[in-house]
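The values are calculated or read from the model by the stated rules, or taken from the named source; none is laboratory data. Everything quoted here is computed from the prediction, not taken from an experiment. Cβ: placed from backbone, ideal geometry, glycine included. Neighbour counts: every protein chain shown. When the accessible area is computed, the model is the full protein with side chains, heavy atoms only, and any ligands, DNA or RNA have been set aside. Shrake-Rupley method; radii C 1.70, N 1.55, O 1.52, S 1.80 Å.
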Amino acid sequence: MKNIFVLQLLSNKRVQSFRGIREEETAIMIEKISDFGSDVVNLSKLIVELTANVVCREALGRKYEGIGGRGGGARRGFKEALGELAELLGVFDIGDFVPWLKWVNRVNGVYGRAERLAKELDEFLEGVVEEHEGRERKVGEEGGQDFVDVLLEIQRENVVGIPLHRDSVKALILDVFVAGIDTTSTALEWVMTELLKHPQAMKKLQAEVRLIAQPNQPVTEDDLDQMPYLKAVIKETLRLHPPGPLIVPRESTKDVQVMGYDIAAGTRVLVNAWAIGHDPTLWDEPEEFRPQRFLNCPVDFRGHDFELIPFGAGRRGCLGIRFAMAVDELAVANLVHKFDFALPDGVELDVSEAAGINVHKKFPLLLVATPWSC
């Protein structure tokens, strides 16, 4: 299953093949912001729409209004359904630690909510798979194959050498949504929040982007490699605000001794990426937003440098780094290229965090966006 992700769905070639989708959806977001004029923009909402639309088009082939059963209209949006899923994934289940108390979450309704949501998501994904089975897609056609097409082809041709069951196809697609929408939009929201909080960093980034990109043209992915400060801003934001502060839990597979401690097989291990990113023994002034610390700095977030692991590391590291960075870098560059941002009159920037498996801003990012005139 992991090899399918690495080699088929999230390879560099596959991610690059969806470049047109990312650029098109980013342009749509920019146009929506322009339509607000001098009115207040809920940037958080537009960021979620952007990431949801990109994931939908790449994974499913088209946009969907939301989650719903087969044959009926959408009952609610992706944000609400995936938000509930993230909430349930983060619920403390006492039965995991004291098995004979497993009945507690059955009584308090947690398991019931999970079962209803699982059915809702399964019905939606079943409808998507049936829709794809009922049409012909030309393999190799420009933009012709989305993730579901690829998985169904693997299933038909038995590419991986083992049967790929229908539930596995749906599970892989759900994984893309769970990992792709919430974390990517959360990171993007925190980048814009930190830039609003630090005007000098905003001005420096705008100067870089506006120097590289054409004044009256959107920023393209070809421009991004010439923007080191943009990449530094995103790294610094991920250090301060890793979307998932506690990396997905690990479990030791055998008895082992680590730094003098005996760790028994089957022990659940939680790695605190947030604490690592704020450790004063690793970072100079760790509470300060200083993107310049990453200029000419070899530390990266791809799992090779343990000082910065927002995507985890090793065999269990996130496979969607290329996807997430492609969306976030392009979106940030276009936002700061096109607009000057300010808070509405009388409004202070609130950086409170909401609880959950992924840490969002507690309140949406409300801004006034003024088009930049060169």
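For the range 242-291, go through all pairs of different Cα atoms, get the mean of 1/r, take its inverse, and jot down that Kirkwood value in Å.
12.9
At Trp103 and Glu31, where each label point lies 7 Å from the Cα along Cα→Cβ, what is the point-to-point distance in nanometres?
5.9
Just to check I understand the Karplus step: with θ = phi - 60° and J = 6.51 cos²θ - 1.76 cosθ + 1.60, what whole-Hz values come out for the range 84-90, glycine and proline as x?
5, 4, 4, 4, 5, 5, x
Let me make sure I get this right: for the range 297-374, a, b and c are the square roots of the gyration tensor eigenvalues over alpha carbons, sorted descending. Under 1.5 in a/c it's rounded, otherwise prolate if a/b > b/c, else oblate. Which is it?
Note, shape of the range 297-374 comes out oblate.
Under a point-charge model restricted to the Cβ atoms of Lys and Arg (+1) and Asp and Glu (-1), what is the dipole moment magnitude of the range 215-352 relative to its Cα centre, in debye to the nearest 20? Walk me through the intermediate numbers first.
Numbers: 13 positive and 22 negative charges, 144 e Å.
It comes to approximately 700 debye.
For P(r) over Cα pairs in 10 Å bins from 0, in percent, several values are listed as (i) 4, 21, 31, 27, 14, 3, 0; (ii) 5, 22, 28, 20, 12, 6, 4, 2, 1, 0; (iii) 5, 20, 23, 16, 11, 8, 7, 5, 3, 1, 0; flag the one computed from this structure.
Recomputing P(r) over Cα pairs in 10 Å bins from 0, in percent here picks out (i).
So with the 1.4 Å probe, I'd like the accessible area per residue for the range 1-56, rounded to whole Å².
Details: 2590 Å² over 56 residues.
That works out to 46 Å² per residue.
Under a 5 Å amide H to amide H cut-off, with H placed in plane at 1.01 Å, what residues pair with Asp340 once short-range neighbours are removed?
Thr370, Trp372
Which FRET efficiency, nearest 0.05, do Met259 and Ala355 yield, Cβ-Cβ r, R0 45 Å?
Calculated value: 0.90.
Using θ = phi - 60° and the Karplus relation 6.51 cos²θ - 1.76 cosθ + 1.60, list the HN-Hα couplings for the range 360-365 in order, rounded to whole Hz, with x at every Gly or Pro.
So the Karplus estimates, Gly and Pro as x, are 8, 5, 5, 10, x, 8 Hz.
For the range 112-238, what is the accessible area per residue in Å², given a 1.4 Å probe and the full set of protein chains? Write out the running numbers ahead of the final one.
Details: 5990 Å² over 127 residues.
On a per-residue basis, the range 112-238 sits at 47 Å².
For the chain, give the percent of accessible area contributed by carbon and sulfur heavy atoms, probe 1.4 Å, rounded to a whole number. Before the final figure, lay out the partial values.
Numbers: 10530 of 19620 Å².
Here carbon and sulfur together make up 54 percent of the probe-accessible area.
Specify which residue in the list Thr193, Leu172, Gln226 is farthest towards the positive end of the charge dipole of the range 157-269, using unit charges on the beta carbon of Lys, Arg (+1) and Asp, Glu (-1), about the Cα centre.
Thr193
Could you work out how much longer the chain between Thr220 and Asp39 gets when fully extended? Use 0.36 nm per residue separation minus the Cα distance between them, nm to one decimal.
Here the answer is 62.4 nm.
Rg/Rh for the range 140-209 to two decimals, with Rh computed the Kirkwood way over all alpha-carbon pairs.
Ratio value, two decimals: 1.28.
What lysines could a cross-link reach from Lys170, if we take a straight Cα to Cα line under 28 Å and drop same-chain neighbours fewer than 8 places away?
Once the sequence-local lysines are set aside, what remains near Lys170 is Lys2, Lys13, Lys45, Lys63, Lys79, Lys102, Lys119, Lys138.
Per residue, how large is the accessible surface of the range 289-374? Use a 1.4 angstrom probe and give square angstrom.
It amounts to 51 Å² per residue over the range 289-374.
From the protein chains alone at 1.4 Å, what is the descending order of accessible area for Phe311, Phe301, largest first?
Result, largest first: Phe311, Phe301.
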